[in-house]
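Student: Provided herewith is a single structure, encoded as structure tokens, for subsequent inquiry.
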Amino acid sequence: MLASLTLAGCGDADGPADASGADASGESASREPAEIYAQYCVNCHGTGMAGAPMVGPEHRLIWSEEIEEEGFPTLVKIAIEGQNGMPPRGTCFDCSDEEIEATVLYMLKESGAK
Ligand code: HEC
């Protein structure tokens, strides 16, 4: 029979790679939404590049409509997965879903929504 099967069995460095989470209350570990926005999102959303909806009070209507039509969870999903000119995670590839969500919220607040 096959004697070499054991070779494949070295995959026990397993472990849930994401033992990190769990500190739902701690804001210390994650970055500030404003930081993330300034580092990644502003490149497009501060200038309207590639058709990105711009952030700021004068663009409140655009975002209000987005929220009404799509809903906040959908906007977050788009921000995470990308859509058209919007790259997944807005190019912040090491951002967690929570950080992206917080950053979308930040953008909405900056735009005077809610
Ligand atoms: C490379 C340019 C670029 C970067 C960087 C970028 N965006 Fe976008 N974003 C876009 C474009 C373009 C759209 C419009 C997409 C469309 O037309 O569907 C968009 C749309 C969005 C939307 C609204 C989706 C909708 O339905 O209109 C959200 C929310 C968003 N971006 C969040 C972010 C966040 C958060 C970041 C930073 C972490 C970010 N974006 C970084 C280009 C960018």
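The values are calculated or read from the model by the stated rules, or taken from the named source; none is laboratory data. Not measured: the values here are computed from a predicted model. Here the Cβ is made from the backbone with ideal geometry for all residues, glycine too, and neighbour counts use every protein chain on show. Ligands, DNA and RNA are stripped out before the accessible areas are found, and what is left, the full protein with its side chains, is counted by its heavy atoms. Shrake-Rupley method; radii C 1.70, N 1.55, O 1.52, S 1.80 Å.
Student: Among the numbered criteria (1) buried (at least 16 other Cβ atoms within 10 Å of the Cβ); (2) within 15 Å of Val42 (Cβ to Cβ); (3) near the ligand (Cβ under 7 Å from one of its atoms), which one does Thr91 miss?
Tutor: It is condition (1) that Thr91 fails.
Student: Would you mention how many residues in region 52-104 are among the polar types (S, T, N, Q), under 21 Å from Arg31 (Cβ atoms) and free of Cβ contacts under 8 Å to residues at least 40 places away in the same chain?
Tutor: 0
Student: Given the residues Glu99, Glu35, which is the only one that is of a type in the set (D, E, K, R), part of a helix (DSSP H, G or I), modelled with pLDDT of 95 or more and open to solvent by 40 Å² or more (accessible area, probe 1.4 Å)?
Tutor: Selected residue: Glu35, the only one of Glu99, Glu35 that is of a type in the set (D, E, K, R), part of a helix (DSSP H, G or I), modelled with pLDDT of 95 or more and open to solvent by 40 Å² or more (accessible area, probe 1.4 Å).
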